[in-house]
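The values are calculated or read from the model by the stated rules, or taken from the named source; none is laboratory data. Remember, it's a predicted structure, so these values are computed and weren't measured experimentally. Glycine also receives a Cβ, built like all others from the backbone with ideal geometry; neighbour counts cover every protein chain displayed.
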């Protein structure tokens, strides 16, 4: 079978995890080019991973060159790049979030849908074994109905993290802890418990950081099912702790801590899955392996070449973005 041809656009902080994953998947995919507007970064990345550099975007957005593109650029560039890919008929793997505003995020999803191309989003924690086990238990009704679904994200980011140009600004990132860090855990929470409503929230920028957007958020809400929930998200919790999702259900309680699941059922059973893995919750946001990125990319490749279902699509990311938007609107 002919390999899927992909081009990488954007060679920033997260690109290394994708590159290592694509090397692992070399029997199924061919990286035909990598692009950055900065020549030194482009050449250095190409040399490090053995991929050919591409000097202009026109080449990357050409179906004679690539069947699909990985868009790993800052959030405020996503919509325009998605538009170029959809006009070319290329499938897209897009770094989270979809874009800096809900309106632009909706537009990106609509462009892909109308063009008939696949839009996958880098929310790789959907491939954690602990999450998949808990999701299966809920689908099998082993835990009964969800009564409460809550999440806590207690990350640490030093000021130097936000000193990087554009980081933590509305113009480039679109938001702070919710859209940049919390969206991963929010996506898992919504996939497990459904769509929240009736939201009341507080958010602020603390004295810990000099930044434009929020670094501390607390919210309470309910779900369409009648369950209630809480959210806490911050980048002020030194030295950083694994994120948590807690589900209190009619037949038991389940706790996800990072990639570790512990479920205790009323009938006396205990279910464990996953492991305590590094997840970038401390000062180094990329301090974790690329295994989940490899699973995400493998699913993206199989969706294109075999017709498999995308595990995380644009609508999933849009649901998380809409919830974040509601939290911040509630605060305002």
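Worth pointing out:
- Scanning the range 299-315 for residues that are closer than 28 Å to residue 196 by Cβ and assigned to a loop (DSSP other than H, G, I, E, B) gives 309, 310, 311, 312.
- Candidates in the range 319-332 are the residues that are touching a residue at least 60 places away in the same chain (Cβ under 8 Å), out of contact with any strand residue (DSSP E or B) (no Cβ under 6 Å at 6 or more places or on another chain) and under 15 Å from residue 175 (Cα atoms); of these, the one that is surrounded by the most Cβ atoms within 10 Å (Cβ to Cβ) is 321.
- Just one of the listed residues (296, 256, 318) is closer than 24 Å to residue 95 by Cβ, modelled with pLDDT of 95 or more and assigned to a strand (DSSP E or B), and it is 256.
- All told, residue 244 falls short of being surrounded by fewer than 18 Cβ atoms within 10 Å (Cβ to Cβ), modelled with pLDDT under 95 and over 30 Å from residue 91 (Cβ atoms).
- Residue 161 meets all of the listed conditions (1) outside any helix (DSSP H, G or I); (2) surrounded by fewer than 21 Cβ atoms within 10 Å (Cβ to Cβ); (3) out of contact with any helix residue (DSSP H, G or I) (no Cβ under 6 Å at 6 or more places or on another chain) but one, namely (1).
- When the range 62-83 is limited to residues that are free of Cβ contacts under 8 Å to residues at least 60 places away in the same chain and buried (at least 18 other Cβ atoms within 10 Å of the Cβ), the one that is nearest to residue 308 (Cα to Cα) turns out to be 82.
- Top-ranked residue in the range 259-283 [being surrounded by 14 or more Cβ atoms within 10 Å (Cβ to Cβ) and in a loop (DSSP other than H, G, I, E, B); ranked as modelled with the highest pLDDT]: 259
- Elements of the type helices (runs of 4 or more DSSP H) sitting completely within the range 1-65 and holding at least 3 residues that are assigned by TED's automatic domain parsing to the domain that holds residue 162 and under 15 Å from residue 90 (Cα atoms): there are none.
Residues checked against (1) outside any strand (DSSP E or B); (2) modelled with pLDDT under 95; (3) crowded, with 19+ Cβ neighbours inside 10 Å; (4) touching a helix residue (DSSP H, G or I) at 6+ places or on another chain (Cβ under 9 Å):
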position: 182; (1), (2), (3), (4): yes, no, yes, yes
position: 187; (1), (2), (3), (4): yes, no, yes, yes
position: 190; (1), (2), (3), (4): yes, no, yes, yes
position: 207; (1), (2), (3), (4): yes, no, no, no
position: 213; (1), (2), (3), (4): yes, no, yes, yes
position: 220; (1), (2), (3), (4): no, no, no, no
position: 229; (1), (2), (3), (4): no, no, yes, yes
